[in-house]
1. With each label point set 7 Å from Cα along the Cα-Cβ vector, what nm distance links V123 and M27?
2. Which whole-number percent gives the relative contact order of the chain, counting Cα pairs below 8 Å spaced six or more residues apart?
3. Relative to a virtual label point 7 Å from the Cα of V80 in the Cα→beta-carbon direction, which members of the range 101-133 show backbone nitrogen distances below 15 Å?
4. With every protein chain present, what is the per residue accessible area of the chain (1.4 Å probe, Å²)?
5. In nm², what is the average projected area of the convex hull enclosing the Cα atoms of the range 58-146?
6. So how many Å³ per residue does the convex hull of the Cα atoms of the chain work out to?
7. Determine the share of the range 128-171's accessible area contributed by carbon and sulfur atoms, expressed in whole percent, with a 1.4 angstrom probe.
8. L133 versus A158, label points 7 Å from Cα toward the beta carbon: distance in nm?
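The values are calculated or read from the model by the stated rules, or taken from the named source; none is laboratory data. What you are looking at is a predicted structure, and each value in this text was computed from that prediction instead of being measured. Positions of Cβ are backbone-derived with ideal geometry, glycine not excepted, and every protein chain shown enters the neighbour counts. Ligands, DNA and RNA are excluded from the accessible area calculation, which covers all protein heavy atoms including side chains. Shrake-Rupley method; radii C 1.70, N 1.55, O 1.52, S 1.80 Å.
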Amino acid sequence: MQATWSHDFSIFLERIFGEPQGSTPFMIIGVIALGSLVFFAWMITNLICSHRKGIFASFFSQAIPGFAAIFGWIALHRHVGPRLEGEGLQTLVPIVGAILIGMVASLLTSRKILGISGSSSIVTNFLTYACVLGMIFLGGSLVREMDSSLHTLEHEKAQRETDTQNILQQNVTKSSSLKRN
């Protein structure tokens, strides 16, 4: 049972990041996501809610509802989605459920950790995750572009090495035929 939850978690991350797990772009986008979560959680809770407890409290106040929403999406996707008729409902119900679960988790955890009102905790979570998704989208696009550029450069380098070997081989053949004459 645990293996399937971790597998579903991996599938969720692959969908969000747009890259297969274990690839270099996946890892870089994961670091971007985690770094932006830490930064934006701290920034938003400090600037909007005037919370001054520190970066770790800010991070955990935002991460706990995020993980609750992810695991809520996985549970709904696994258990409720297949029972629904229509592909639109199978996609929409887990997303809406995850948002609601994230909001409830925010009310239960973020509010207590940060010492702010319930509406402030929901607003900070919404803004934080909007910024994180924006960073995943923009950073992911940049990482994918750089990865494809690196592959192109590697292909061009291999092509140049092949061309150089062919030219050397032709020069060796010409010089050996000139020596015979």
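1. Those two pseudo-labels are separated by 4.1 nm.
2. Details: 161 pairs, mean separation 46.0, N = 181.
It rounds to 25 percent for the chain.
3. 101-105
4. Details: 11670 Å² over 181 residues.
Per residue, the chain has 64 Å² of solvent-accessible surface.
5. On the way: hull surface 27.2 nm².
Averaged projected area of the range 58-146's Cα convex hull equals 6.8 nm².
6. On the way: hull volume 33.2 nm³, N = 181.
Given the Cα convex hull of the chain, per-residue volume reads 183 Å³.
7. Values: 2120 of 3370 Å².
Carbon-and-sulfur percentage of accessible area, whole number: 63.
8. Label at L133, label at A158, 3.8 nm between them.
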